[in-house]
Structures are given as structure tokens and as C-alpha cells.
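The values are calculated or read from the model by the stated rules, or taken from the named source; none is laboratory data. For clarity, every value in this text was computed on a predicted model and none was experimentally measured. Glycine also receives a Cβ, built like all others from the backbone with ideal geometry; neighbour counts cover every protein chain displayed.
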Number of protein chains: 2
Amino acid sequence: MGLASHADEIITLGHLEVRPGEFVASVDGRRLELTVRELQLLSALARRSGRIVSREELYTAVWQRPYRAHERSVDVYVKRLRRKLEAALPGWVFIHTHYGFGYRLSPSLSQLFHTTATDR
Amino acid sequence: MGLASHADEIITLGHLEVRPGEFVASVDGRRLELTVRELQLLSALARRSGRIVSREELYTAVWQRPYRAHERSVDVYVKRLRRKLEAALPGWVFIHTHYGFGYRLSPSLSQLFHTTATDR
DNA sequence: ACGCGGATTCACAGGTTGTTCACAGGAAGA
DNA sequence: TCTTCCTGTGAACAACCTGTGAATCCGCGT
């Protein structure tokens, strides 16, 4: 108890499933090919899914060192995650930007796509 | 599940069969000529088949002593196992590398054997 | 002591990922 | 609209990780 990552920790968000302890994330059962950093960032976001997380919080959680202003690492990895998530499930948006605040993980159908009953 | 190795433990993964308790592993019934370490590592991987296993977990499971950073023994034995497995069943890949995470045992047909660049 | 097979360690090459930078594009407030 | 700040993005380079052949070490039987 207490520690953030148990070996059996499983976070499910719609089609997305993240298993930090097993170094695995998947969409509809299809394994995503993520690097260490990408998985760590996705895990950090997943553990805080649904709420806006500041760059500083994300940075200290993943990089384990003090956040410096103008640090762009988080942005770069958000970009890489988005590319892989988009490729895995076209038409869906996973990571939302909150201008001036940070990012929020929350899988949702892209506005451009027409919704159907089963998608929701 | 109690102790990790029962005398009658049998792990079957497609063409591959491992019997840790009898110090035997075989492919399509043909016995592999493995050394003790090779068999131990294969057994450790087989017991965790399908999931990514870190070097540290493999090392402590097989060598039974604390893992030191930069330890390369696991890599060397993975290499030797690969050579013997490849020789036993050409065209198949058994041990997959997950860069930065570890290894995963999961027998699968080599991509090159059933697809070509133009197929995709 | 010697030879042998296996275990362990070493060193280097090559490949992958992590980090940083620079600039483009966009959002919010005056 | 203008200005400023924030975010998106491609690319360059550094740092790290893995593959691999081979040297060295070790235990055992002769």
C-alpha cells in the first residue's frame, strides 16, 4: 500500500489500458510500442485521468527531478504519445491541452467524427 | 502456487516444451542441448511467457543474487538461447527484446517468412 | 598439472531513445 | 488588431542500451 505502482496495477480508460508494472499499454488489446519515457508519461497521465495535470506535476512524477521553467520535455513526449495513440485508434483524442494549465488524459471521440450509439 | 518448480511442471508454448524439474526442454519433441544456466533462464522466461520481464527479475530468479547495474549475463545467455532455438526451429522468433524494459518469451513466426515489403 | 566444458566478464560496434533547441503556429488579453 | 505568451513540431546531438565475439575464470575429472 502507499506506493503508486503495484505490479498488478491496471488502469482502464475506454479502449485504452495501461499496466505500468508490466511495462505495457494497449488499445483494444493491441499492444502499443512505447519507449520507457512514453510509457512513464502515459502512466502518470492515466493515474490522473480526467483531471488537468500541470507540466510541473507531470515532470516531477516522470523525471523525478525538479522542474525548470521553459522545460519542454513534457510537450515533446505528449506529442509522441499522441501520434502513437492516434495511430492506434484513429478518430479519437486522448490527451487534451489546457492552455496555460497543462494536459488532461481523457479518451473521447474526435469532434470531426460522427458519433454512433456504440461508440459511446 | 507455492514453490516455483515442481518436478512435474510442464510449460508448453507452441512447438516449445520446457520441463524445469527434469532439466529438459524440447522443440517438436526434439531435445535441446542446453547447459544448466541456459535451461534455468529459459525456464524463468517460460514461467513468465507472454509478458515483458526485466533483466533484474530474470537475474535474481536465475542467479539468486542481487542484480548489479551493467550486469550483462542475461544478455549473453539470451543470445545463446536464441542461437539454439533458432537452430531448432528456423524461421521462428522466441525471445523478443523490449528496449529499456527487458525480454519477453513468445514464440512467433518470423515476419520475413510470410510477408514481404510489397505485401504491406 | 592438464584439458575440457561451461560460466562470467570484457570491450567494442551499432542502434535506439532521451534531451534540447529553434522556429512556426495559435490562443488569450489589451 | 497587436502583442505576448504558450504550445506544436521537426531535427540535431548526446546518452544510453543491446548484440556479439572473445578472453578469462572456474570446477571437475583424468
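Scanning the range B:52-71 for residues that are more than 14 Å from chain A (Cβ to nearest Cβ) and not in a helix (DSSP H, G or I) turns up B:Gln64, B:Arg65, B:Pro66, B:Tyr67, B:Arg68, B:Ala69, B:His70, B:Glu71.
Restricting attention to the range B:72-84, does a residue exist that is within 12 Å of DNA strand D (Cβ to nearest atom), more than 14 Å from chain A (Cβ to nearest Cβ), at pLDDT 95 or above and within 14 Å of B:Leu16 (Cβ to Cβ)? Give the derivation first.
At the first step, the residues of the range B:72-84 found to be within 12 Å of DNA strand D (Cβ to nearest atom) are B:72-83.
With the extra rule that they be more than 14 Å from chain A (Cβ to nearest Cβ), the set shrinks to B:72-83.
Pick out the ones that are also at pLDDT 95 or above and you get B:72-83.
After this cut, where a residue has to be within 14 Å of B:Leu16 (Cβ to Cβ) as well, the list is B:81-82.
Yes: one or more hits.
When the range B:14-51 is limited to residues that are of a type in the set (Ser, Thr, Tyr) and touching a Leu at 6+ places or on another chain (Cβ under 9 Å), the one that is farthest from the other protein chains (Cβ to nearest Cβ) turns out to be B:Ser26.
Look at the range B:75-90: where a residue is more than 17 Å from B:Ala46 (Cβ to Cβ) and a partner is within 13 Å of DNA strand C (Cβ to nearest atom), sitting 6+ places away or on another chain with Cβ atoms under 8 Å, you get B:Asp75/B:Arg55. When B:Ser54, B:Ser26, B:Ser49, B:Ser106 are screened for being hydroxyl-bearing (Ser, Thr, Tyr), farther than 28 Å from A:Arg19 by Cα and away from DNA strand C (no atom under 13 Å from the Cβ), only B:Ser26 passes. Filtering the range A:6-40 to residues that are surrounded by 15 or more Cβ atoms within 10 Å (Cβ to Cβ), among the acidic types (Asp, Glu) and touching a residue at least 40 places away in the same chain (Cβ under 8 Å) leaves only A:Glu38. Can you confirm whether B:Ala87 is away from every other protein chain (no Cβ under 14 Å), buried (at least 17 other Cβ atoms within 10 Å of the Cβ) and part of a helix (DSSP H, G or I)? Considered against the rule, which asks whether it is away from every other protein chain (no Cβ under 14 Å), buried (at least 17 other Cβ atoms within 10 Å of the Cβ) and part of a helix (DSSP H, G or I), B:Ala87 comes out as no.
Considering only residues that are surrounded by 11 or more Cβ atoms within 10 Å (Cβ to Cβ) and charged (D, E, K, R), look in the range A:55-71 and name the one that is farthest from A:Phe101 (Cα to Cα).
A:Glu71
Being touching a residue at least 12 places away in the same chain (Cβ under 8 Å), in a loop (DSSP other than H, G, I, E, B) and away from DNA strand D (no atom under 11 Å from the Cβ): is that true of B:Ser43 here? For B:Ser43, the condition - touching a residue at least 12 places away in the same chain (Cβ under 8 Å), in a loop (DSSP other than H, G, I, E, B) and away from DNA strand D (no atom under 11 Å from the Cβ) - is not met.
Here the range B:98-111 is the region considered, the condition is being without any contact (Cβ under 8 Å) to a residue 12 or more places away in the chain and within 12 Å of chain A (Cβ to nearest Cβ), and the residue that is surrounded by the fewest Cβ atoms within 10 Å (Cβ to Cβ) is B:Tyr99. Looking across the range A:46-68, just one residue is within 16 Å of DNA strand D (Cβ to nearest atom), under 15 Å from A:Ile11 (Cβ atoms) and in contact with a helix residue (DSSP H, G or I) (Cβ under 7 Å, 6 or more places away or on another chain), and that is A:Val53.
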